[in-house]
Amino acid sequence: MQGAFAEHVHALDAVGARTRLVRTRDDLSGLDGIVLPGGESTTMTMLMERVGLLEPVRKAIQSGLATLATCAGLIVLASDITDGMSDQQGLGLLDVSVRRNGYGRQAESFEASLKIDGMNGHEFPGVFIRSPLVERTGDVKVIATYQGHPVAVQKDRILALCFHPELTTDLRLHREFVRLAGQHA
């Protein structure tokens, strides 16, 4: 496993969801949703490929599996990674172009108050750590922006974020993911 999965497990437990770690294709069976966490996108896709999860995860999400993708998870879903490694393979399921570390390296990490559609005007604490920059959007709904750039997008049952909600005490986005996971594809 790689990425900020433990923090997502904690947040999902806090909103009453049952969780399990996905390490093999058999672990995908019976899931209502999947989290693609923050971490390092190249490492994540290489590990998924090595253990035979890349194609099964792609097919599950294409079939309507609810998905919460944060930071590197958004990069893994993107149809275009403008500065990825030449052999970087992602899932290509979200019609966005992203630039890795688009908001800067670790030293430029920051927090920003975000207005997210559906949050009744209450701002959400966005934690940006080596976050991707969404440079282009296609067939997705932009649900939050920061300085004119999309930082949260949605497509059907996919919720993809440039920031890390799992590093805050605000559980609204995890609740929304659980709601999406409860809908039938």
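Every number in this text was worked out from the coordinates using simple rules, so none of it is lab data. These figures come from a predicted structure and were not determined experimentally. Please note: Cβ atoms are built from the backbone with ideal geometry, for glycine as well, and neighbour counts cover all protein chains shown.
General observations
- Options T82, T42, T67; residue that is among the polar types (S, T, N, Q), more than 8 Å from the chain's Cα centre (by Cα) and within 22 Å of V127 (Cα to Cα): T42
- Scanning segment 49-61 for residues that are under 15 Å from the mean Cα position of the chain (by Cα) and more than 21 Å from H174 (Cα to Cα) yields one hit, R58.
- When segment 97-112 is filtered for residues that are aliphatic (A, V, I, L, M) and either farther than 19 Å from E40 by Cβ or not in a strand (DSSP E or B) (or both), the ones remaining, listed by number, are A107, A112.
- Residues being within 17 Å of the chain's Cα centre (by Cα) and assigned to a loop (DSSP other than H, G, I, E, B) - total across segment 21-39: 7
- Top-ranked residue in segment 113-133 [being in a strand (DSSP E or B) and without any contact (Cβ under 8 Å) to a residue 40 or more places away in the chain; ranked as surrounded by the fewest Cβ atoms within 10 Å (Cβ to Cβ)]: S113
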